[in-house]
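The structure appears below as structure tokens.
What follows is calculated from the coordinates using simple rules that are stated; it is not laboratory data. A quick note: this is a predicted structure, and the numbers were derived from the prediction, not measured. Cβ placement follows ideal geometry from the backbone for every residue including glycine, while neighbour counts extend to all protein chains displayed.
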Amino acid sequence: MEQKLRNEVSDALPIAERIMSNMQKVIIGKPHEAELALMTLICQGHLLIEDVPGVGKTMLAKAIAKSVGCNFKRIQFTPDILPSDITGVSIYNQKTGDFEFRPGPVMAQIILADEINRGSPKTQAALLECMEERQITVDGVTHPMPHPFLVMATQNPIEYEGTFPLPETQLDRFMLRVSLGYPSAADEISIVERQQYVHPIDSLEQVVDLKELLRLQDAARQVHVDSLVKQYIVNVVEATRRHPAIYLGASPRGSIALFRLSQARALVKGRDFALPDDVKFLAEPALAHRMIVNSAARIQGATGRSVVTEIIESQSVPGARP
């Protein structure tokens, strides 16, 4: 059994490496963020990118879609966009006398929900069902989502006029939240030089097919997670619920996300077992957005990220000496 698992991991690792190296032709100087996006795809989760305009959020989504050969749709959220503009509508066909479903842009394998916080709460809610249950319901008829299915949403953290903050139920459905940040001076020069004649995304080629991607996703689920590591994950998540600065802690969905992501990171690193270091690396992007900091702590400068960092530093690690 152990030998079979090692073989599956060794077979899946080159697939992950091909996707990563292909993405880095477009996403310059952000290996950790690209790796987190890849792990989200491996775990069949969804990704929230919170950053200022122009740092490559859209390019990250396009690079993933092109690398794995998935169809890609971009949805620009605005205050006047309607739920039917996303999910699709049923139109009456006079010739057949039946209603025909015209799918919306959400019926694609990789979705970029651009500036998702500019959409109204009613429109944001149109994504809840498809993100969690992998289906949409229009006029009482349920339509399954394509496979694989990944929602990558972006929002600008410094612009609040005309925006609607994402509710906790929506934030909890995102497996990870990442920030790309500005590139270094050397990386920015490289970006400028690569786009002198043509954008690198235009020449980016598919490097894996759907069967290889599914094999990668299946292999991640086989990665061994020791009972002590599972307990460590639960302890970290439970600590967010007891922290004095937190009004609402992470849900059990946060524990599942940490568990799945630890498996995916182990796979990407070429291991058939997860480590506490995987949990420590992933805790902040996987948990910080699921927590609500109380008003008193917020006034003192506390954030979800700082609280998770404090919890990770205070929790005892399995196998470590006290």
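Ordered by the number of other Cβ atoms lying within 10 Å of each residue's own Cβ, fewest first, 92, 232 fall into the sequence 92, 232. For segment 2-222, the relative contact order comes to 33 percent (Cα pairs under 8 Å, sequence separation of at least 6). Computed over the chain with a Gaussian network model linking Cα atoms closer than 10 Å, the most mobile of 179, 120, 295 is 295. Per-residue Cβ neighbour counts within 10 Å put 32, 243, 224 in the sequence 32, 224, 243, beginning with the fewest. The simple Förster model, with R0 at 41 Å and r as the Cβ-Cβ distance, assigns residue 215 and residue 156 a FRET efficiency of 0.65.
Just checking the listed ones, 210, 38, 180: in the Gaussian network model of the chain with Cα springs under 10 Å, the one fluctuating most is 210. Scanning the chain for DSSP H helices at least 20 Å long along the axis (C-alpha atoms) with a Kyte-Doolittle mean no lower than -1.0 picks out 2-23, 227-242, 252-268. Summary value for segment 224-322: 34 percent relative contact order, contacts being C-alpha pairs under 8 angstrom separated by 6+ residues.
Residues of segment 135-150 falling in the label zone of residue 89, defined by backbone nitrogen less than 15 Å from a point 7 Å along Cα to beta-carbon, are 138-139. In a reduced charge model with +1 at each Lys and Arg Cβ and -1 at each Asp and Glu Cβ, segment 224-322 shows a dipole moment near 180 debye about its Cα centre.
Length gained on full extension, residue 18 to residue 253: 81.6 nm, using 0.36 nm per residue less the C-alpha separation. With helices as the sole contributors, the chain gives -13500 deg cm²/dmol at 222 nm; each DSSP H run of n ≥ 4 counts as -39500 (n - 2.57), and the sum is divided by every residue. Across segment 140-155, the residues whose backbone nitrogen lies under 12 Å from the label position 7 Å along the beta-carbon direction of residue 99 are 140-142. Evaluated on the chain, the Kirkwood hydrodynamic radius is 20.9 Å, with distances taken between all distinct Cα atoms. Comparing 202, 11, 85 in a Gaussian network model of the chain where C-alpha atoms under 10 Å apart are linked, the largest mean-square fluctuation is found at 202.
Annotation for residue 129 and residue 191: the two label points, set 7 Å from Cα along the Cα-Cβ direction, are 3.9 nm apart.
Over all Cα pairs of segment 224-322, how is the pair count split among 5 Å bins, expressed in % and running from 0 up to the last occupied bin? Spelled out bin by bin, segment 224-322 gives 2, 15, 26, 23, 17, 10, 5, 2, 1 percent.
Separation of the alpha carbons by more than 19 angstrom is noted, of 25/62; 30/73; 25/66; 25/57; 230/280, for 30/73.
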